1. Post the alpha-carbon centroid distance, the range 130-151 to the range 54-75, in whole angstrom.
2. How many times 2.2 N^0.38 Å is the alpha carbon radius of gyration of the range 1-150?
3. Expressed as a whole number of Å, what is the distance separating the alpha-carbon centroids of the range 1-31 and the range 181-236?
4. Per DSSP H run of at least 4 residues, take -39500 (n - 2.57); add these up for the chain, divide by its residues and hand me the 222 nm value, nearest 500 deg cm²/dmol.
5. In the neighborhood of M116, defined by Cβ-to-Cβ distances under 13 Å, what is the net charge if each Lys or Arg adds +1 and each Asp or Glu adds -1?
6. If the convex hull of the alpha-carbon atoms of the range 1-88 is projected onto planes in all directions, what is the mean projected area in square nanometres?
7. With the Cα gyration tensor of the chain in hand, give its eigenvalues times 5 under a square root as the equivalent ellipsoid semi-axes, listed largest first in whole angstrom.
8. For each of M232, M125, M1, count neighbouring Cβ atoms within 10 Å of the residue's Cβ, then give the residues from fewest to most.
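The numbers here are math on the coordinates, done by the rules we state, and not lab data. A quick note: this is a predicted structure, and the numbers were derived from the prediction, not measured. Here the Cβ positions follow ideal geometry from the backbone for every residue, glycine too, while neighbour counts run over all protein chains shown.
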Amino acid sequence: MLSQALDLLIEFLPWFAAVYGVNVALYFLTGWALIAFQNRWPERRIQPNRRGEKRRAKEQKQSVLSLLVTGGCLAGGLFAQHKGWTLWAPLELSWWSIPLMAVVSIVAFDAWFYWMHRFMHTKLMYRFHAEHHKSVAPTVWSTYNDDFVDAFVMQCYYLWAPLILPIPGLVLVAHRLYDHFNGTIGHSGFEFYANPSARAPWPMVCVTFHDQHHSRFRYNYANFFSFWDRVMGTLDPKYDAAVKGFEEIAEKRPVIGRPAAE
């Protein structure tokens, strides 16, 4: 029994190492790329009187550690699917299965994220979520600044989803990549994405959505969409107006077609 467990662990470790290594590399590459771009447009900073950058070193250190959990969840889900430990076999990749399961996975993850995020804000669990909220003015380095318990609760979707949903492994990886870029941009603290689809009556969100969650704590718990927050009454009452305000800034001083700010 012990020998079999050790054999499985040895078989799993390359999966974990590959997923973790890619996650850490993307964390730093995406972060520095966004900083190089966004700092040229200071008027797009959402919280102009706060500077979350002072926490960079602490957040980078904690993120490298918490990504062990996030990477482990994704690697574990992919490995379990590879071994056939699933309720359903993953669908074959095709012109219809890829977009179908991508939509299913993203919608399911957003629902999971909303309710688990609210769970992490309860008295029972907030002590594990408090580390993430030390970033009152989040930056690209805040994305994975999580306690291990917090990281597992929020990211274990990647562990259980491929066991009960027929999500092809490549689609799950693509979902995780989308989640990474969405999360890093969502924590960046700079708004370049405000547009009518990010406010009522549409369900999409922009950077302001999650930035308000960090600055005001009690609102905007979802990830990809505003649907759950609108239905459950947890949308920041200032959100739609804030999006409209950034749309007006973009109209007056567009990024494309003008010189970068000095």
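1. The two parts, judged by their Cα centres, are 9 Å apart.
2. That works out to 1.27 for the range 1-150.
3. 32
4. About -20000 deg cm²/dmol.
5. -2
6. 8.7
7. Value: 33, 21, 19 Å, ordered largest first.
8. Fewest to most other Cβ atoms nearby, the residues stand as M1, M232, M125.
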